[in-house]
1. Pick out, from Phe85, Met336, Ala382, the residue whose Cα sits farthest towards the positive end of the charge dipole of the chain, with +1 on the Cβ of Lys and Arg and -1 on the Cβ of Asp and Glu.
2. Measure off 7 Å from each Cα along the Cα-to-Cβ vector at Val201 and Met421, then give the distance between these two points in nanometres to one decimal.
3. With each label point set 7 Å from Cα along the Cα-Cβ vector, what nm distance links Ala136 and Arg347?
4. Provide the per-residue ³J(HN,Hα) series for region 86-98, in order, calculated from phi with Karplus coefficients 6.51, -1.76, 1.60 and θ = phi - 60°, each as a whole number of Hz, with x at glycine and proline positions.
5. Could you run the Karplus curve 6.51 cos²θ - 1.76 cosθ + 1.60 with θ = phi - 60° over region 323-331 and give me ³J(HN,Hα) per residue in whole Hz, x for Gly and Pro?
6. Between region 128-168 and region 373-405, what is the C-alpha centre distance in whole Å?
7. By average Cβ neighbour count within 10 Å, what is the ranking of 83-93, 314-324, 256-266 from highest down?
8. Compare the peptides 392-399, 353-360 by average per-residue count of other Cβ atoms within 10 angstrom and give them in order, highest first.
Amino acid sequence: MNAAVEPSAASPVPEAKPRRRRSARAASEHLPVRIGGMEYARTASTPTRVLGFDQALIWACLFLLSWGLIMVYSATIAMPDNPRFARFGPNFFVYRHALWICMGFVAALITFQVRMDWWEKAAPWLFVVALALLIAVLIPHVGSVINGARRWISLGPMNFQPSEVAKLAVLLYAADYMVRKMEVKERFFRAVLPMGVAVGVVGALLLAQPDMGAFMVIAVIAMGILFLGGVNARMFFLIAAVLVVAFGLMIASSEWRRERIFAYLDPWSEQHALGKGYQLSHSLIAIGRGEVFGVGLGGSIEKLHWLPEAHTDFLLAVIGEEFGLIGVVCVIGLFMWLTRRIMHIGRQAIALDRVFSGLVAQGIGLWMGFQAFINIGVNLGALPTKGLTLPLMSYGGSAILVNLVAIAIVLRVDVENRQLMRGGRA
């Protein structure tokens, strides 16, 4: 009787329920993934987490800022030995540079809180403000003259350069303009000509300072946004040809600009080595001394009053001397990655039907990439000497501040992209 009641040891019945419980519990802990055919593999269910901002972009910018701060200190520590800078201490320039970076961080944090639709509404007014500043800098006793150029407005102990604000203002205005003219973008006189007139007015004010480098950057930003906004290819090449001819006429009509071109072609000649080719020849000497691995941080000789503007326009030459080919390649690689990443964020915004935000981000990518390209080309002797700083690295207060504001706008575009992709509202 007992044997009839007791279950058999081989019977699967008592084990069926526990096995079903275990399999249900396992199914809740693992997700099936097809490998091939009828086979499945089980993977642990790890929760996905979408970051609210682009950490890699932030770290790249912080690295460039930190490296730039170190190199500005290295390039300026001996400047008080020069009678021209005798009133400054050895830490004067690095402290000033660090102060501008801190101010830039504050401005970037404030900018990051501003929604992109506000920038779209404010773009025309910001353009008007930029024009007013470019006019104000030309007024005597308002604009400060340094090295023969009237490009700065004095703000007590600091100088502010309106052309840096103009780059951002023209960028925002061009993006807003293309969104408004999207329906007539195939018509030259209704879509392209008004934007060309606006850029021409800005260019005339910049050339009066004179600041041809800033005009080149602004022209490339505007032309790039027109192209990315969908302007007809024939019109784009027509605009490019007009700009090339215009810059050629500017160079041909200016004796000192012609001398720069001739000095670029032969910087080692007796005529140019101590004149217009002096900066380029000493930049090449500095980079040549660095060879592959450099002479070490702080070991540069060219920065000891041989290379003019070593902390601004020719900071890369000091990097090349102290860190060698490795350092120069790292700088080029960082700016290539930075430009590519910013352009990707812009394309992502356009794919989400946020055309203004996408054009603004891509315009900032063009700005950073083109200005870095010009500065690196000048330092390496691949391009004629032009007074453009290396973004995020060179000494220059207003440039650093506006660069950080521009990066904050890109991060805002990225955050709004991520919010839309998560199903929220930008």
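1. Towards the positive end, the residue furthest out is Met336.
2. Those two pseudo-labels are separated by 3.9 nm.
3. 4.0 nm
4. In residue order, the calculated couplings are 5, 6, 9, x, x, 9, 4, 6, 5, 5, 5, 5, 5 Hz.
5. 10, x, 4, 4, x, 5, 5, 4, 4
6. Centre-to-centre distance over Cα atoms comes out at 18 Å.
7. 314-324, 256-266, 83-93
8. My ranking of the peptides, most packed first, is 392-399, 353-360.
Here, each number is a calculation from the coordinates, and none is a lab measurement. Since the model is a prediction, treat every value here as computed from it, not as a measurement. Note that we place each Cβ from the backbone using ideal geometry, even for glycine, and neighbour counts take in every protein chain shown.
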